[in-house]
Amino acid sequence: MVVREKVKDFNVDHIFDCGQCFRWNREQDGSYTGIAFGKPVNISFETYMEEQGEGRLCIDNIDEAEFEEHWCGYLDLNRDYGEIKRILAEKDPIMAEAIKSGQGIRILRQDPWETLISFIISQNNNIPRIKKCIESLCELFGESAGSFRGRNYFAFPKAPVLARLTEEQLAPVRLGYRAKYIIETAKKVAADHAGAEPTDTEEILQTLEQLPLADTAKGYAYLTSLCGVGPKVANCILLFGMAKHESFPIDVWVRRVMHRLYGIDEKDMKHMADYAADHFGSYGGIAQQYLFYHIRQLEK
DNA sequence: GCCCAGGTACGCC
DNA sequence: GGCGTACATGGG
């Protein structure tokens with residue numbers, strides 16, 4: 001168990017139930033259990049006093065070394081979200097209101113491969129079913145990650161494993177027409193990876209794991225070249241799997257916000273993207289998460 | 001039966 | 001390049 005005191009701008013519901021991740025589940029006590037880096041973990045957060053915005057973060061089933069190596073970055077703990085919120089709140093009153101709804105949001109730095117496949121599954125789908133599909137995919141094709149608090153866990157299946165599957169083998173996961181996209185994308189990613197040995201050619205080979213280091217435009221170009229990855233999914237992968245915080249995914253909910261609250265024409269995606277780039281700049285993706293969380297709260 | 005869900009591929013103009 | 005439309009699946 002790792003404990004950190006005086007953690008600010010952190011709310012487990014805002015972080016794990018804001019649609020950026022699909023493998024974290026809420027427990028009776030309000031904590032969340034999930035799996036990352038091949039290991040099941042429970043995360044709880046206790047605020048010292050109401051309205052204080054500080055609290056104690058507990059991560060169970062890891063040690064200090066694992067915290068430093070993986071979890072500090074995964075939870076984006078070194079970023080000052082208070083400062084980001086101050087900057088964004090000044091942009092407009094709608095954003096200021098949205099930040100109040102999701103004041104404890106943090107953008108996770110998830111595994112690019114898992115994020116890629118998860119968001120291919122997300123297209124034209126709803127969050128509960130996305131979670132079911134991913135869980136089933138891991139149970140059927142992922143390596144066992146042991147048991148934790150009486151439950152068995154499975155790691156996310158790696159690219160070469162999915163690349164070898166047929167649509168028939170994937171059928172039990174109930175992915176629908178997305179099964180084909182996933183097999184094709186897995187083949188491409190696995191092949192790129194296999195071919196990524198140093199060569200004497202000028203051309204820099206692109207692989208998925210190189211993308212977080214590349215600039216956003218290059219990452220976007222690679223991702224949208226994959227089958228089943230369009231503009232929205234690519235931006236989600238850049239944002240949630242590669243910490244490209246300027247990426248601004250536009251889905252049905254964000255369209256709803258931009259139309260209803262900002263008055264932008266419902267089908268003018270270009271205008272929405274331009275608005276985000278102009279107003280929210282390098283924090284576009286974080287702004288998008290406050291808006292996404294906000295509109296969904298309003299609809300509940 | 002219909003509509004919807006963190007959209008995309010594909011064909012047509 | 002901008003438009004429609006089909007697409008698997010399950011919940012409301």
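The values are calculated or read from the model by the stated rules, or taken from the named source; none is laboratory data. Bear in mind that the values here come from a model prediction, so they are computed numbers and not experimental data. Quick reminder, even Gly has a Cβ in these numbers, built from the backbone with ideal geometry, and neighbours come from all protein chains shown. Remember, those area values only see protein heavy atoms, side chains included, never the ligands or the DNA or RNA. Shrake-Rupley method; radii C 1.70, N 1.55, O 1.52, S 1.80 Å.
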Next item on the list: State which entries of A:85/A:158; A:180/A:270; A:131/A:232; A:131/A:188 exceed 26 angstrom in Cα-Cα distance in the structure shown.
Entry: A:85/A:158; A:180/A:270
Check: Over the Cα atoms of chain A, what is the Rg over Rh ratio if Rh follows Kirkwood?
Finding: 0.96
Next item on the list: Could you order peptides A:47-56, A:60-69, A:34-43, A:169-178 by the average number of other Cβ atoms within 10 Å of their residues, highest first?
Entry: A:34-43, A:169-178, A:60-69, A:47-56
Check: Across the Cα atoms of the range A:1-115, what radius of gyration and what greatest pairwise Cα-Cα distance (Dmax) are found, in Å?
Finding: 14.3, 42
Note to self: Defining a contact as two alpha carbons under 8 Å apart and six or more residues distant in sequence, what relative contact order in percent does chain A show?
What the structure shows: 19 percent
Check: Do any GluC sites (Glu not before Pro) in the range A:206-300 lie in a DSSP loop with no more than 14 other beta carbon atoms within 10 Å, and if so, which?
Finding: A:266
Note to self: For a quick size check, give me the Cα extents of the range A:1-56 along its three principal axes, largest first, whole Å.
What the structure shows: 32, 25, 20
Next item on the list: Take the alpha-carbon centre of the range A:85-141, take the same for the range A:222-282, and report the distance between them in whole Å.
Entry: 13 Å
Check: Tell me, what is the 1.4 Å probe accessible area of residue A:232, in Å² to the nearest 10?
Finding: 60 Å²
Check: Where only protein heavy atoms count, and the probe is 1.4 Å, what is the accessible area per residue for chain A in Å²?
Finding: 50 Å²
Next item on the list: Using Cα pairs closer than 8 Å and at least 6 residues apart in sequence, work out the relative contact order for the range A:2-78, in percent.
Entry: 33 percent
Checklist line | Candidate residues A:131, A:85: accessible-area rank, largest first, probe 1.4 Å | finding: A:131, A:85
Next item on the list: Quote the accessible area belonging to residue A:222 in square angstrom, nearest 10, computed with a 1.4 Å probe and with ligands, DNA and RNA left uncounted.
Entry: 10 Å²
Next item on the list: Could you size up the charge dipole of the range A:228-300 around its Cα centre, putting +1 on the beta carbon of Lys and Arg and -1 on that of Asp and Glu, and report it in debye to the nearest 20?
Entry: 240 debye
Next item on the list: Using a 1.4 Å probe over the heavy atoms of the protein chains, calculate the carbon and sulfur portion of the accessible area of the range A:85-147 as a whole percent.
Entry: 48 percent
Next item on the list: Just read off the accessible area of residue A:105 with the full protein assembly in place, 1.4 Å probe, to the nearest 10 Å².
Entry: 0 Å²
Next item on the list: Would you compute, from DSSP H runs of 4+ residues alone, the mean residue ellipticity of chain A at 222 nm, taking -39500 (n - 2.57) per run and dividing by the full residue count, rounded to the nearest 500?
Entry: -13000 deg cm²/dmol
Notebook entry, point to check: Using a 1.4 Å probe on the protein chains only, how many percent of the accessible area of the range A:2-78 belongs to carbon and sulfur?
Noted result: 41 percent
Check: About its Cα centre, how strong a charge dipole does the range A:112-299 have in debye, to the nearest 20, once Lys and Arg get +1 and Asp and Glu get -1 at the Cβ?
Finding: 940 debye
Notebook entry, point to check: How do A:113, A:24, A:253 rank by accessible surface area computed with a 1.4 Å probe, from largest to smallest?
Noted result: A:253, A:113, A:24
Check: Hey, what does the equivalent ellipsoid look like for the range A:66-197, semi-axes from the Cα gyration tensor as sqrt of 5 times each eigenvalue, largest first, whole Å?
Finding: 33, 19, 17
Margin query: Which residue, A:155, A:84, A:217, has the largest displacement toward the positive end of the dipole of chain A when charges sit on each Cβ (Lys, Arg +1; Asp, Glu -1)?
Written below: A:155
